[in-house]
Amino acid sequence: MLLLALDTATPAVTVALHDGSSVVAASSQVDARRHGELLLPAVDRVLAEAGVRLDAVTGIVVGVGPGPYTGLRVGLMTADTFGLALGVPVHGLCTLDALAYGAEFDGPFVVATDARRKEVYWARYEDPRTRVTEPAVDRPADIAEQVAGLPAVGAGAVLYPDTFPDARAPENVSAAALASLAAEKLAAGEELDAPRPLYLRRPDAQVPKNYKVVTPK
């Protein structure tokens, strides 16, 4: 097994390579505006560090969000393209699950990422491997009772300390955690999700209303 993992559902552009036993190379950069610009060089960097060619990869795993439309689709389209070109399977995993897997907790906690519009994408976990609620998008104040008393990880927790007073690391998702979780599930014979985006609301971009129509002369 040689899994190439990537995630662009958050401001982190993160890539990792996993050989079935451990992560052999990884790269992460945080830049919410340059997903498309940074992703492929990160893949090249990870492959070079591991000393392997792209055609040695036997599978792709990609974070499916939830996340903003523009950034999320960069990773998903890249994963689909690699899978098609290499003839290898492409697996999807919830980005919140990867963040949870990278956390070090013995008990229940919350994962919250920045959803913009003063909202967070979030879910509750019994432990780093067990999600107990479906991913959702809400204003922090509206979920305060549901997350009260629980520690939290993710940039959303850092942004809203009134709702998440016990914010801890990691703040950003890591493809190393994504790859390790996928490798663990595959080794256990679990079937992973299809690489389809987990959109919880409509895109930010909207068709302008009352736009001016120009009639050619």
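Tabulated values for the structure
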{"quantity": "Read-out Rg/Rh (Cα atoms, Kirkwood Rh), derived from the coordinates shown; its label in [x] 0.95; [y] 1.02; [z] 0.98", "calculated": "[y]"}
{"quantity": "Probe 1.4 Å, all protein chains present, accessible-area order of Leu6, Leu150, largest first", "calculated": "Leu150, Leu6"}
{"quantity": "Relative contact order computed over region 1-123 (Cα-Cα under 8 Å; 6+ residues apart), in percent", "calculated": "24"}
{"quantity": "Over the chain, relative contact order from alpha-carbon pairs under 8 Å, at least 6 apart, %", "calculated": "24"}
{"quantity": "Quotient of C-alpha Rg and 2.2 N^0.38 Å, computed over region 43-145", "calculated": "1.28"}
{"quantity": "Listed residues Glu184, Glu145, Glu190 arranged by accessible area, highest first, probe 1.4 Å", "calculated": "Glu145, Glu190, Glu184"}
{"quantity": "FRET efficiency, Lys118 to Arg168 (Cβ-Cβ, R0 25 Å, nearest 0.05)", "calculated": "0.70"}
{"quantity": "Length gained when the stretch Asp31-Asp193 is fully extended (0.36 nm per residue, less Cα-Cα span)", "calculated": "55.7 nm"}
{"quantity": "Relative contact order %, region 94-154, counting alpha carbon pairs below 8 Å whose residues are six or more apart", "calculated": "36"}
{"quantity": "Normalised alpha carbon radius of gyration of region 1-89 [divisor 2.2 N^0.38 Å]", "calculated": "0.99"}
{"quantity": "Accessible surface, 1.4 Å probe, highest first, among residues Thr95, Thr81", "calculated": "Thr81, Thr95"}
{"quantity": "10 Å binning of all Cα-Cα separations within region 94-197, expressed as whole percents from 0 upward", "calculated": "16, 50, 27, 7, 0"}
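The values are calculated or read from the model by the stated rules, or taken from the named source; none is laboratory data. Owing to the predicted nature of the structure, the values given are computational and were not obtained by experimental measurement. Ideal geometry is used to build each Cβ from the backbone, glycine not excepted, and the neighbour counts take in all protein chains shown. Heavy atoms of the whole protein, side chains included, go into the accessibility calculation; ligands, DNA and RNA do not. Shrake-Rupley method; radii C 1.70, N 1.55, O 1.52, S 1.80 Å.
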